Each structure stands twice: as structure tokens, then as C-alpha cells.
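S.K.: Quick one: the structure is below, and I'll ask about it shortly.
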Amino acid sequence: MNLSRRHVLVGAAAGALARPASVLAQEPRRRVLRIAHLTDVHVQPEKRAGEGMAAAFVHAQNQKERPDLILTGGDLVMDAFGATKERTKTQWDLWQRTLKDCLATPVEHCIGNHDVWNWPRDGGEPERGKRWAMDALSLEKPYRSFERAGWKFLVLDSTFPRGTGYVAKLDDEQFEWLSGELAATPKSTPVLVLSHIPILAACAYFDGDNEKDGDWKVPGAWMHIDARRIVKLFHKPGNVKVALSGHIHLLDRVDYLGTTYLCNGAVCGGWWGGNYQECEPGYAMVNLYADGTFDSEYVTYGWKAEG
Ligand SMILES: [Fe+2]
């Protein structure tokens, strides 16, 4: 009996090995995580933005296949960068109230340039810079890593001061951290990167008259000015599968050196006035699979601007 059982087991194993590659290739991928990526909400009391924010979050969570995780992509409030303390408080209060009312899914946040308070004017307030946003979003650091469902997540902080404005980059400390995180991650673990400002994007070319002088010029505030060293860093291990961003309010996909860079539109569209260029207000649903692959779809939620 033992012999025959062993025979059956050996036979079954041999059968599995003998299955042709074409059959194995047809086996479905195993989805391990479904993510809603909602970026550039720009919530404010005007333009029914609170209502729009709630509509987008509810729409994402009511998908037939619900998300396991929500990633926000920065520019969560309309603008704190040049705003007064009172105006900034109004916007963060609205963000927190709306989120509390309509969130039933785990969430991880990313900070955008418009979430940074009052850089142009140094009044010495402790909440100045990223502190207020970090407090409002319950973040200990503006960049961090975590693991979920066998994937590693690296959340970046893209915004650094330049003059009275900002530039998109990682400072040396954050770049060292990122290098260390990737070095410590097994090559077999797929990695998802989340930043507010795109590391690499095609749509950044079309945001403004960037060719008006006869040469293409993409501002360092539109796309990471340090993209060259980041792209090289990602290329080395080969397991950085996808990098999500927002900021431009346009939608694109760039495949470069083994990483896919997705710029995922904007919940607010053109700051709640309707579409931004060809891009409708929306968010992305991203599926992550056990084999390190992913797919992504941009979903509109029927937002209509005030007439
Ligand atoms: Fe934005």
C-alpha cells in the first residue's frame, strides 16, 4: 500500500514537471494586494472640493473588487505652501473631517509640495515646512518604508526648498536611506515606490509651454531633477517594479530600464474646475501580484465641476 501510494505521489510530481510551459504560462497570477492610488486631492472649502473628495474615496472603496489599501499621493490640501496659518488650518481640518467620514480602508500617505506650509516666509513657527502635514497625517517621518503582502513599499519625500519655491529631488540623507533600503531588500522581493512628484514622466513635457524657446525644458519642480541617479539606483537590483506619482494632474506610463513609472492624474482634475487638459478627475486602481507583476487602471468617478 505504501509502495503504491509512493508510486502515485511520484507519478503526480512527474506529471507536474512534465506539463508543457504553455500550460504553466496560462495559470492565473495570484493577486496579493489591490491598491487605490488617490493623488492631488487639493481639498478646499471652495468648488465643492470636500464633496468631491468624499465622492472619490467612496467610489474607490465601493469598487466591485474593493481595495485592500489606499495610497494618497500628496497635494492633499489645495495649498498650504503660500497660505496663512488660518487658511492652512481650514484646509487640513476639512481634509481630516472628510477622511474620517468616508475612510474604511487602511491608508498610507505621501506629502506633496502644496502640503508644505509657509516656506516662502520664515516666521519661526514650529509647524513650518513639513511638520504640519506630518502631524495632520500622523507621520513620524516624511519618507519611510513598509512591507505588505510580500511587496516592499518605499514612500519618498520629493519636495525641497529652492529660493522662495521648491525643487523635486531627494536630499543626500534620503538618497542614502533609499540606497540602504534597496540594498537590504532581497532581489526576490518586488518593490513599489510612491512619490508625489514624478521621478520620470512623459506628461511633464506637456505641462506648460516647455518648448517655447525652441528646446524642450522640463522644470526641476515638475519632475525629479535627480532622476538620473534614482533611475540608475533602481536599475541595479532590478526589483523596483513600479513607481507611482501625481503632481502633474496628467496621466502617463513610462517604462524605462525595468521600472514602470505611472503618473496617475488627479482626484481634483484641473483643481476642481473640470478636466486638466485631456485628463479627467480620477484615481488609479493598481493590482499587485505574487510573482512581482502588476497592472493599473485609471478610474474616473463622474465628478462634474460647478457650472
Ligand atoms: Fe497638485
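Nothing in this text is a laboratory measurement; each read-out follows from the coordinates by a stated rule. Predicted model only: the values in this text are computed from it and were never measured. Quick reminder, even Gly has a Cβ in these numbers, built from the backbone with ideal geometry, and neighbours come from all protein chains shown.
S.K.: Amide H to amide H, which residues 5 or more places from L251 or on other chains are under 5 Å from it, using H placed in the peptide plane?
M.R.: G265
S.K.: Contour minus end-to-end for A290 and R253, with contour as 0.36 nm per residue of separation and end-to-end as the Cα-Cα distance? Can you show the working numbers first?
M.R.: Values: separation 37, 0.36 × 37 = 13.32 nm, distance 2.18 nm.
Value of the extension gain: 11.1 nm.
S.K.: Which cross-chain or sequence-distant (5 or more) residues have an amide H under 5 Å from the amide H of Y276, H modelled 1.01 Å from N in plane?
M.R.: When sequence neighbours closer than 5 places are left aside, the close amide H contacts are G270.
S.K.: Follow-up. Quick check on region 31-300: take the gyration tensor over C-alpha atoms, sort the square-rooted eigenvalues as a ≥ b ≥ c, and tell me if it's rounded (a/c under 1.5), prolate or oblate.
M.R.: Here region 31-300 falls in the rounded category.
S.K.: Can you tell me which lysines have their Cα less than 20 Å from the Cα of K236? Leave out same-chain residues fewer than eight positions away.
M.R.: Answer for K236, where 20 Å is the Cα cut-off: K152, K169, K187, listed by chain and number.
S.K.: How charged is the neighbourhood of V191? Take every other residue with its Cβ under 11 Å from the Cβ of V191, and add Lys/Arg as +1 and Asp/Glu as -1.
M.R.: With Lys, Arg at +1 and Asp, Glu at -1, the net is +1.
S.K.: Which one, G74, G220, G246, has the greatest fluctuation when you compute a Gaussian network model over the chain with C-alpha springs under 10 angstrom?
M.R.: Highest fluctuation of the listed residues: G220.
S.K.: Based on DSSP H runs of at least 4 residues, each adding -39500 (n - 2.57), what is the mean residue ellipticity at 222 nm of the chain after dividing by all its residues, to the nearest 500 deg cm²/dmol?
M.R.: Helix-only estimate at 222 nm: -8000 deg cm²/dmol.
S.K.: Mean projection of the alpha-carbon convex hull of region 153-307 over all orientations, in nm²?
M.R.: Seen from a random direction, the Cα hull of region 153-307 projects 10.6 nm² on average.
S.K.: Under 8 Å for C-alpha pairs, at least 6 residues apart: give me the relative contact order for the chain, rounded to a whole percent.
M.R.: Computed value for the chain: 20 percent relative contact order.
S.K.: May I ask for the longest run of the chain untouched by trypsin sites (Lys or Arg not before Pro) that are loop-located per DSSP and have at most 12 neighbouring C-beta atoms (other than their own) within 10 Å? Write down the numbers at each step before the final one.
M.R.: Working: sites that count: R30, K64, R121, K187, K212, K304.
In the chain, the maximal stretch lacking such sites is 213-303.
S.K.: Let me ask something additional. Out of region 37-75, which GluC sites (Glu not before Pro) are coil in DSSP terms and have no more than 12 other C-beta atoms within 10 Å?
M.R.: For GluC sites (Glu not before Pro) across region 37-75 that sit outside H, G, I, E and B with at most 12 neighbouring Cβ atoms in 10 Å, the list reads E46, E65.
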